[in-house]
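A.B. asks: The structure under discussion is supplied below as structure tokens; questions concerning it will follow.
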Amino acid sequence: MRALTWQGTRKVSVESVPDPRLEEPDDIVVKVTSTGICGSDLHLYNLMGPYLEPGDVLGHEAMGTVEEVGPEVTTLHHGDRVVVPFNISCGRCFMCDQGLHSQCETTQVKEYGKGAALFGYTKLYGQVPGGQAQYLRVPFGDTLPVKVPQGPPDERFVYLSDVLPTAWQAVEYASVPPGGSLTVLGLGPIGQMAARIALHRGARLVVGVDLVPARLERAASFGVHAMDLRQYGAGLAEAVRDLTDGRGTDSVIDAVGMEAHGAPLASAAQRITTLLPDALARPLMERAGIDRMEALHTAIDVVRRGGTVSVSGVYGGAADPMPLLTMFDKQIQLRMGQANVRAWVPDILPLLGGDSDPLGVQGFATHTMPLEDAPKAYAMFQQKEDGMIKTLLTP
């Protein structure tokens, strides 16, 4: 089959690789019909080389049709249409029973002290072949894939793999009070969808912050109060307070993560780390790695006293400085973590298949490209070219 493979820092290529096969009696094999490029894929593209090997198959936002089923799978059959959650959870362990599917005890990567394995996402999370490919082996066939109806286009459902549950959890963790206010930092795919979900769930004011015009325009068209970081700069927090009686918003979502703008020293340190041999880079990242913390520090500044900061952007540093004095003084609540995809499916799925489209999922992708063009798509996404916000690949 053809699949997108990692070959080095900022180097990916589509190669012919062995077809996946059933390895356990409850496995299925999915013929992928749509697969997304995620902002966290850029972390692999840019920074996480020490935990990747040339030839690793990337991607964790896939859907398609069931091609094969293992002998113990009873709920799916050939031709069924499914979305594949990005975290690999058994659905039966203690953590899954708590709704913490991203901490699944069956697939935890204990070698590195990490939570549930992920599709297409480094040795730290199991080095499981990903979904930017023609076919994908999916374990736990009866409990992991989400069966969706035939008929509507893929774009109605594909974001259930990651974007929708990640954004939904970000809003849930933000604890926006009824009729309350929220700032979303970063208007990439997760930030855009989190803003829409917050408005759908009754937020009175949603402020969206970015510095890419196309992202700001898209958010504004959906009713978000868009603020251009290039215009406000260091005065952003004060400008948000001006909108909220001098307090700041009730909640803030950091949808940016480790590669924020405005942190030149941390950015340089990250780049240097990617140039080191893996044997040196890994312990450095695990013990002394730092992120670009501009977005998270801004979130702490923007949120009102007694408010909540929800972190959906991925961080990977082991020695990140945090303003604990300010956090304690402002009485801030902080919640974060990988999305527990399966936990949010019952809330989200009813919004996707009917005549209405309250979250605007159909048309959410700004670009649809063939899988063979994936290297070009990664480069465009990295450079934010051609107004690219969300791309779907068609194998």
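A.B. asks: Just give me the residues in the range 173-218 being part of a loop (DSSP other than H, G, I, E, B) and either farther than 25 Å from residue 36 by Cα or in contact with a Cys (Cβ under 8 Å, 6 or more places away or on another chain) (or both), in sequence order. Spell out how you get there, then give the answer.
C.D. replies: Taking the range 173-218 and keeping what is part of a loop (DSSP other than H, G, I, E, B), we get 175-180, 186-188, 201-204, 211-212.
Across the range 173-218, the qualifying residues are 175, 176, 177, 178, 179, 180, 201, 202, 203, 204.
A.B. asks: Which count do you get for residues in the range 224-247 that are buried (at least 20 other Cβ atoms within 10 Å of the Cβ) and more than 26 Å from the chain's Cα centre (by Cα)?
C.D. replies: Number of matching residues: 0.
A.B. asks: Something else: So residue 59 ticks every box in (1) outside any loop (DSSP other than H, G, I, E, B); (2) within 23 Å of the chain's Cα centre (by Cα); (3) within 17 Å of residue 133 (Cα to Cα); (4) not acidic (Asp, Glu) but one. Which box is left unticked?
C.D. replies: Only one criterion in (1) outside any loop (DSSP other than H, G, I, E, B); (2) within 23 Å of the chain's Cα centre (by Cα); (3) within 17 Å of residue 133 (Cα to Cα); (4) not acidic (Asp, Glu) is unmet by residue 59, namely (1).
A.B. asks: Follow-up question, since we're still on this one. How do the pairs read when you match residues in the range 152-177 that are under 11 Å from residue 194 (Cβ atoms) with residues anywhere that are open to solvent by 10 Å² or more (accessible area, probe 1.4 Å) and in a loop (DSSP other than H, G, I, E, B), using Cβ under 6 Å and keeping only pairs 6 or more apart or on different chains?
C.D. replies: That search, which allows pairs on different chains as well, returns 166/312; 170/312; 176/203.
A.B. asks: Another one. Within the range 68-88, is even one residue part of a strand (DSSP E or B), more than 23 Å from the chain's Cα centre (by Cα) and either over 18 Å from residue 375 (Cβ atoms) or among the hydrophobic types (A, V, I, L, M, F, W, C) (or both)?
C.D. replies: Scanning the range 68-88 turns up at least one residue that is part of a strand (DSSP E or B), more than 23 Å from the chain's Cα centre (by Cα) and either over 18 Å from residue 375 (Cβ atoms) or among the hydrophobic types (A, V, I, L, M, F, W, C) (or both).
A.B. asks: A further question on this structure: Give 69, 73 a once-over and let me know the one that is over 23 Å from residue 123 (Cα atoms), β-branched (Val, Ile, Thr) and open to solvent by 30 Å² or more (accessible area, probe 1.4 Å).
C.D. replies: 69
A.B. asks: When the range 136-161 is examined, which residues are found to be within 24 Å of residue 7 (Cα to Cα) and in contact with a Gly (Cβ under 8 Å, 6 or more places away or on another chain)?
C.D. replies: 136
A.B. asks: Among the numbered criteria (1) within 24 Å of residue 217 (Cα to Cα); (2) open to solvent by less than 40 Å² (accessible area, probe 1.4 Å); (3) modelled with pLDDT of 95 or more, which single criterion is violated by residue 389?
C.D. replies: Failing condition for residue 389: (3).
A.B. asks: Next question, about the same structure. Consider residue 130 carefully, then state whether it is more than 29 Å from residue 310 (Cβ to Cβ), at pLDDT 95 or above and either surrounded by 21 or more Cβ atoms within 10 Å (Cβ to Cβ) or among the aromatic types (Phe, Trp, Tyr) (or both).
C.D. replies: Working: more than 29 Å from residue 310 (Cβ to Cβ): no; at pLDDT 95 or above: yes; either surrounded by 21 or more Cβ atoms within 10 Å (Cβ to Cβ) or among the aromatic types (Phe, Trp, Tyr) (or both): yes.
In short, no.
A.B. asks: Please determine whether any residue of the range 166-189 is closer than 21 Å to residue 340 by Cβ, more than 20 Å from the chain's Cα centre (by Cα) and surrounded by fewer than 24 Cβ atoms within 10 Å (Cβ to Cβ).
C.D. replies: no
A.B. asks: Would you confirm whether any residue within the range 64-74 is of a type in the set (Asp, Glu) and over 16 Å from residue 135 (Cβ atoms)?
C.D. replies: yes
A.B. asks: Could I ask something else about it? On the given criteria, is residue 43 without any contact (Cβ under 8 Å) to a residue 12 or more places away in the chain and either over 29 Å from residue 172 (Cβ atoms) or outside any loop (DSSP other than H, G, I, E, B) (or both)?
C.D. replies: When the stated conditions are applied, residue 43 does not pass them.
A.B. asks: A further question follows. Quick one: in the range 88-123, of everything that is hydrophobic (A, V, I, L, M, F, W, C) and without any contact (Cβ under 8 Å) to a residue 24 or more places away in the chain, which residue is least open to solvent (accessible area, probe 1.4 Å)?
C.D. replies: 104
The values are calculated or read from the model by the stated rules, or taken from the named source; none is laboratory data. Because the structure is a prediction, the values reported are computed rather than measured. Please note: Cβ atoms are built from the backbone with ideal geometry, for glycine as well, and neighbour counts cover all protein chains shown. Just the protein is used for accessible areas: all its heavy atoms, side chains included, with ligands, DNA and RNA removed. Shrake-Rupley method; radii C 1.70, N 1.55, O 1.52, S 1.80 Å.
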